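Here is the structure we will look at.
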Amino acid sequence: MKPIVVRGARVVDPAAGRDEVADVLLQDGVVRAVGRGLGTPEGATVLDAAGLVAAPGLVDLHVHLREPGREDVETIATGARAAVAGGFTSVCAMPNTDPVTDNQAAVGFILGQARRAGFARVYPIGAVSLGQRGEQLAEIGELAAAGAVAVSDDGKSVATAHLMRTALEYARTFAIPVIDHCEDHSLSHGGAMHEGLTSTRLGLKGIPRSAEDVIVARDIALAELTGGHVHFAHVSTAGAVRMIREAKGRGVHVTAEVTPHHFTLTDAACEGYETNAKMNPPLREAPDVAALCAGLADGTIDCIATDHAPHHYDAKEAEFDNAPFGVVGLETALALAITALIEPGVLTLARLVERMASGPASIAHLPGGTLRPGQPADVLVFDPAAAWTVDPARFFSKSRNTPFGGRRLRGLVRWTLVGGVVVHTAGDRPDTSDRSAR
Amino acid sequence: MSGALGKDLLGLEHLSADQIRLLLDTAEPFKEISERAIKKVPVLRGKTIVNLFFEASTRTRISFEFAEKRLSADTVNVSTSGSSVVKGETLVDTARNLEAMRIDMVVMRHGSSGAAKFLADRIESTVINAGDGKHEHPTQGLLDLLTIRDHRPIAGTKVCIVGDVLHSRVARSNIWGLLKLGAEVAVCGPQSLLPLGIESLGVHVFRRVEEAIAWADVLNVLRLQLERMQAGYIPSLREYYRHFGVTVERLEKAPRDLLILHPGPMNRGVEIDSRVADGPHSVILNQVTNGVAVRMAVLYLLAGGNPELAEAAKGGSDR
């Protein structure tokens, strides 16, 4: 493997306390050195990154790669390719596949497929309960031993308070977080979007904020009871941010993520029954967006995760009630964060790298998230000022379900390196000739 | 096919007051056609209309069909049972297949809010919303307006919609239409059946039906569907009638006589007392009669009919 020198970039590595123009030397799959005026070893490839930013590769704690089960909408290979196109070098795959990732063989399958695919590192998340049915605990110890980095019944909440309690107690033994999708089904049942004036006008059944808030409150109480680590998936409400802030203030072991769609869009995006704005939790209102941004700024929210959820074109081309929840996000997340958070001054570039690399890596105890020597040579080089227009037809993901098509964004990934190998270069585009234009 | 209204009629929210007045004014001359011995004029001769009903409907479907036939259109009725819908065909494919048969208009009733817009965005034919989920039922809103206008000017009239506003497309179309024409609008019902943020639409909210009756000139009493009890929105029909039923005793305490509307079908003894439904101030059957005239006006205008010629159009006989 040839050494690579990333030459002359602004190196932003908050975990190492670094933000300066420097060179990064990658050799044998790890970061060898970071500093000014590093020499070029024999046979090394030089990436001229003057004027660009080099950061640790981004880490996404929340993706749905659909394999096994729905390889028609995404595979581990296409998802991992989309990830590196978006600057992510590590992604965590949620277990709600078919079959569910609730046993060590399923974990091994994901790791094997990811190894064959190359591109991003894929870390499996195991199920909390067998079949995600909310009844009996999955073999969490074996899941962790096989390589699962967290457990979750994502897609729905851990069904009962008792199951959540035992999962937290049990997972603590193996030092992995329990990731909860907070939704009280009895409050959200049949809902298609946020409950508010827009849902009233459109005549769609609403999902109230309280559907999320009551489970967040429950889980905080249980984290406190057990000393276990709850990670809150895709926080969407001002109330959840407030409760998480308060819990953290008391030292309760909770962490949280927010998606780019929740910090950029409101329920107004559902106007006209736009099914690409249908997701769960739903897009909320402006005060929630403001609270999520404030939470990102003050560290109440630890990280940005995409909840990348590919769906077939036919499934979204339906009546709003009948369309599935979810949007793809891997290829737009960084640019949305730069455009919506850095440009208005919500976050500095260093803080953004913290929220998208070191923060998520530390939640799931993943390697990387920093460019300290000896760490994996997972590097993202991007141009924070370059503008581009989102064209879903050019996604590497198999699916196109995004509400951001046609948006002008800033922040272009120039190179993504995983293990010291360039796995994505700007201008790489999938061969779209054999795909539907939509 | 587009005139004063555009291609489709999907709801009243996005119509202007002038467009709504035009529809009501156009309905006036059409009322008379249904009173004739030979109830037919050739206005829509040669036009093909599909009545596509994905939800059960008696009154609305028959009313549309009479309106179409009295204007001499060729009509086909499709209902869910026995259609390809039950075989799993998507709404897009159903629509494209209809379009391939070169139709002019689709009248659609569907259980999903937004289904009419979904269809309208994907076919070139005119789409008339005959009720989509909990969203809108514009022709019902129009016939309610026409019925009120037969008795009093709409501007300044106080209209209270009583009952299950949360699940009601009739309520939404009424609210938009009434507000645009200058009425004062209120809703009344148990809070569990009132949508969040309804006040922001510009309507008053009454928690008790006695207060609504004391305030209103017109009550539009909504049907209470029996499923609402099973779904936990109200404890029982008996209790609903006791607290929210529109009864003679409650109306007798009103400071003035109220006009009583109901979109049907009625649950006598649940949301409305039979003595009220059959009483002197009920205009429930007038609504049904007006429904045909309003739907004729909608069909006529969407087919490109000249509003000024509506009076003349009805004169053309098909004898």
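Every read-out reported here was derived from the displayed coordinates using simple, explicitly stated rules and does not represent laboratory data. These figures come from a predicted structure and were not determined experimentally. Counting neighbours? That spans all protein chains shown, and the Cβs are built from the backbone with ideal geometry, glycine included.
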(request) Compute the long axis of helix B:59-70 from its Cα atoms, compare it with the longest principal axis of the Cα atoms of chain B, and write down the angle in degrees, 0 to 90, nearest 10. (result) 40
(request) Please name whichever of A:239, A:226, A:249 sits farthest to the positive end of the charge dipole of segment A:209-264, dipole taken about the Cα centre and charges placed at Cβ: Lys and Arg +1, Asp and Glu -1. (result) A:249
(message) Going through the cross-link list A:156/B:134; A:316/A:398; B:40/B:69, which pairs have a Cα-Cα distance over 18 Å in this structure?
(response) A:156/B:134
(request) At 25 °C and 0.890 mPa s, grab the translational diffusion coefficient of segment A:11-64 from Stokes-Einstein with a Kirkwood Rh over Cα pairs, rounded to a whole number in µm² per second. (result) 192
(message) Given Cβ point charges of +1 (Lys, Arg) and -1 (Asp, Glu) and nothing else, what value in debye, to the nearest 20, does the dipole of the protein assembly as shown about its Cα centre take?
(response) 920
(request) Report the calculated FRET efficiency for residue B:28 and residue A:408 (r = Cβ-Cβ distance, R0 = 41 Å), to the nearest 0.05. (result) 0.20
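For the protein assembly as shown, how big is Rg over Rh, using alpha carbon atoms and the Kirkwood form of Rh?
Values: Rg = 30.3 Å, Rh = 28.7 Å.
Ratio value, two decimals: 1.06.
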(request) Please report the relative contact order for segment A:133-270, taking Cα pairs under 8 Å with a sequence separation of at least 6, and give it as a percent rounded to a whole number. (result) 21
(request) Kindly work out what percent of the DSSP beta bridges joining two residues of chain A are antiparallel, to the nearest 5. (result) 50
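About the Cα centre of segment A:1-90, what is the dipole size in debye to 20, counting +1 per Lys and Arg Cβ and -1 per Asp and Glu Cβ, all else neutral?
On the way: 9 positive and 12 negative charges, 40 e Å.
That gives segment A:1-90 a dipole magnitude of about 180 debye.
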(message) Which of the three applies to segment A:1-149, rounded, prolate or oblate, going by the alpha-carbon gyration tensor with a ≥ b ≥ c and a/c under 1.5 meaning rounded?
(response) prolate
(request) Pick out the long, greasy-scoring helices in chain A: whole DSSP H runs spanning 24 Å or more along their own axis by Cα, mean Kyte-Doolittle at least -0.5. (result) A:209-226
(request) For residue A:33, enumerate residues with amide H under 5 Å from its amide H, sequence gap 5+ or separate chain, H modeled in the peptide plane. (result) A:25
(request) Round to a whole angstrom and tell me the spacing of the C-alpha centers of segment B:240-308 and segment A:281-313. (result) 46
(request) Would you please give the residues with an amide H less than 5 Å from that of residue B:75, counting only those at least 5 places away or on a separate chain, with H modeled from the backbone geometry? (result) B:49
(request) Compute the Rg to Rh ratio over segment B:101-259 from the alpha carbon atoms, using the Kirkwood formula for Rh, and round to two decimal places. (result) 1.01
(request) Figure the gain on full extension for residue A:98 and residue A:2 (residue separation times 0.36 nm, minus the Cα-Cα span) and round it to one decimal in nm. (result) 30.6 nm
(message) Positive end of the dipole of the protein assembly as shown, charges at C-beta (+1 Lys, Arg; -1 Asp, Glu), about the Cα centre: which of A:330, A:166, B:97 has its Cα farthest in that direction?
(response) B:97
(message) Nothing charged except the Cβ atoms of Lys and Arg (+1) and of Asp and Glu (-1): what's the magnitude of the dipole of segment A:36-195 about its Cα centre? Round to the nearest 20 debye.
(response) 460
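For n ≥ 4 DSSP H runs only, could you compute -39500 (n - 2.57) per run for the protein assembly as shown, divide by its residues and tell me the 222 nm figure to the nearest 500? Could the numbers behind the result be given before it?
On the way: 27 runs with 245 residues, N = 757.
Calculated mean residue ellipticity at 222 nm is -9000 deg cm²/dmol.
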(request) Could you list the residues of segment A:67-83 with an amide nitrogen less than 15 Å from a label point located 7 Å from the Cα of residue A:105 in the Cα-to-C-beta direction? (result) A:68
(message) So if I restrict to the alpha-carbon atoms in chain B, what is the Rg, and what is Dmax, the biggest pairwise distance, in Å?
(response) 19.5, 59
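Counting other Cβ atoms within 10 Å, which GluC sites (Glu not before Pro) in segment A:184-277 have at most 14 and lie in a DSSP loop? Don't skip to the end; give the middle numbers.
Details: sites: A:195, A:212, A:224, A:246, A:257, A:271, A:274; in loops: A:195, A:271, A:274.
The qualifying sites are A:271.
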